[in-house]
Amino acid sequence: MRSSTLKLIVLFATVVIGLIVTVQLYWLKKVYSFEERQFNVNVVKSIRGLFEDLEMNDAPGTSLQQLINNPGNNYFQFKADTIPQKDSLSFFLQEEFADFGVLTDCKLGAYSSSAKKYVYEEFIPTPASRYAEIKPTQDLPVFSNDFDHILLYFPHRHEYILEQMQFWVVSSVVLFISLIGLAVSLFYFYRQKFLAETQKDFVNNFTHEFRTPLAVMKIAADVLAQGNILRQPDRLERYSAIIKNQTEHLQSQVERLLKVASSESRNLPIKKENIEAQGLIEQALSKVQPLIEEKKARVELKMDDNGGYVHADRAHLELAVVNLLENALKYSLHPHIVVETGNADKDFFISVKDNGVGIEKKYLKSIFKKFYRVPTGDIHNVKGFGLGLNFVKRIIDAHNGKIRVSSLPGIGTEFRLFIPFN
Ligand code: ADP
């Protein structure tokens, strides 16, 4: 399966997971509202029963609905023409609650408008209450003070409603856990596939990189093996030089790979010192001099007289600049490279700008990944392992710095390294 197809599948699965979660949350909210309504209806039914039990309504013509109201989520208030005895009120209320299935704790208060206070308060725990020990200590609030009334306060109403929805809550939690499991598996599957692909690319690059020098060395060795070579000292010298060059090239590639592999498992050891930027850039340029000559590159330096100073690890920063210069040379047909240094707010910056092939925007976020190379179909006419920029990033990260890339395909690329002064 191609990586782009897999990406689409992962995207589709993510959207489906998101939809399932949204629908489930919507239903949970609906069920909560339903249970809440049911609870309110049961409380009102209990209060109606209480009116009959205690004959509290002196004006039977008045609709009970007008006497009961719901001044807050957890509160019910009903008018009492005569305030009943505390014991009988709590006894009958418990009976009604049991009949109508209001099985959560309740604190009641009888408010007298003449005394302007609650004349008594009582806590009625349900027999199975888990909260019976935690009686609400706060005083009951007064919502109306111009008539006698009873206030019912349900401190654990929310928890009680959630308990009623137990099946829904448990099934939703199971569903969410399964979806998270699925999402994590998809993520790992995708990552594994990405790693497998980059690894395959790496092996391909590795083979290309080593096959050509080995073939050249074999031809040179064949020439040297000819019997009459000793009589042709020029050819002998030329072919020996070819073997030496190719061996050095292979050696440097192997060393580079080993360096990446050995620095893999640990943090880069950073030994900071004050470095004169001009010297550092010149040193880096000297390392890529053969490539500059080979590509007949034009290199322009833009820095102050002494180029400024940067506080960094000399060897690592030089390597980062070498990698950027190498790329600028590799990915430009007729390279014109501008190297610039300077101060930017709290950072020192080094910029390497080229007039090369550029990088499409969609690839920019991937170029720092290990083994990543911008796809160019099956042909990679520029050699590399996809390790250079990853190493540059690791070096700059170790300095707590930043890298900014700007690139236009067909126009060129600029890499700007920022290294904090302190
Ligand atoms: P390598 O050059 O060995 O492939 P790098 O990690 O140095 O690996 O770079 C990753 C990829 O980023 C390269 O394969 C190339 O496609 C792209 N790239 C890096 N630098 C440049 C540049 N200056 N111009 C255009 N493309 C670049």
**Asked** Got a sec? Charge dipole of the stretch 270-422, +1 on Cβ for Lys and Arg, -1 for Asp and Glu; which of Ala315, Thr341, Ala277 is way out at the positive end?
**Response** Ala315
**Asked** Counting trypsin sites (Lys or Arg not before Pro) as exposed when in a DSSP loop with at most 13 other beta carbons within 10 Å, what is the longest stretch of the chain free of them?
**Response** 131-265
**Request:** Compare the Cα positions of Ser240, Ser351, Ser114 along the charge dipole of the chain (+1 at Cβ of Lys, Arg; -1 at Cβ of Asp, Glu; about the Cα centre) and return the one farthest towards the positive end.
**Result:** Ser240
**Inverse of mean 1/r across different Cα pairs in the chain, Kirkwood, Å** = 29.6
**Asked** Considering only protein heavy atoms, what is the solvent-accessible area of Val23 at a probe of 1.4 Å, reported in Å² to the nearest 10?
**Response** 80
**Complete:** If one builds a Gaussian network model of the chain from Cα atoms under 10 Å apart, the most fluctuating residue listed among Asn245, Asn228, Asn355 is Asn228
**Request:** Could you pull out the pairs from Lys296/Lys369; Lys200/Lys393; Lys244/Lys272; Lys200/Lys244; Lys30/Lys86 whose alpha carbons sit more than 28 Å apart here?
**Result:** Lys296/Lys369; Lys244/Lys272; Lys200/Lys244; Lys30/Lys86
**Item:** Where Rh is the Kirkwood radius over Cα pairs, Rg/Rh for the stretch 3-164
**Value:** 1.20
**Item:** Solvent-accessible area per residue, Å², over the stretch 195-265 with all protein chains present [probe radius 1.4 Å]
**Value:** 70
**Asked** Per the helix-only calculation at 222 nm, which mean residue ellipticity applies to the chain, given -39500 (n - 2.57) for every DSSP H run of n ≥ 4 and division by its residues, nearest 500 deg cm²/dmol?
**Response** -18000 deg cm²/dmol
**Request:** Just need log10 I(q)/I(0) for the stretch 273-420 at q = 0.12, 0.19 Å⁻¹, Debye formula, equal scatterers on the alpha-carbon atoms, no solvent, rounded to two decimals.
**Result:** -0.46, -1.20
**Request:** Show the residues, 5+ positions off or on another chain, whose built amide H is closer than 5 Å to the amide H of Gly308.
**Result:** Ala277, Gln278
**Prompt:** If you place +1 on the Cβ of every Lys and Arg and -1 on the Cβ of every Asp and Glu, how big does the dipole about the Cα centre of the chain come out, in debye to the nearest 20?
**Reply:** 2780
**Complete:** Taking the reciprocal of mean 1/r across every pair of different Cα atoms in the stretch 224-350, the Kirkwood radius in Å is 17.5
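The values are calculated or read from the model by the stated rules, or taken from the named source; none is laboratory data. Remember, predicted model here, so these are calculated numbers, not experimental data. Because the Cβ atoms are built from the backbone with ideal geometry, glycine has one as well, and the counts that use them run over all protein chains shown. Ligands, DNA and RNA are excluded from the accessible area calculation, which covers all protein heavy atoms including side chains. Shrake-Rupley method; radii C 1.70, N 1.55, O 1.52, S 1.80 Å.
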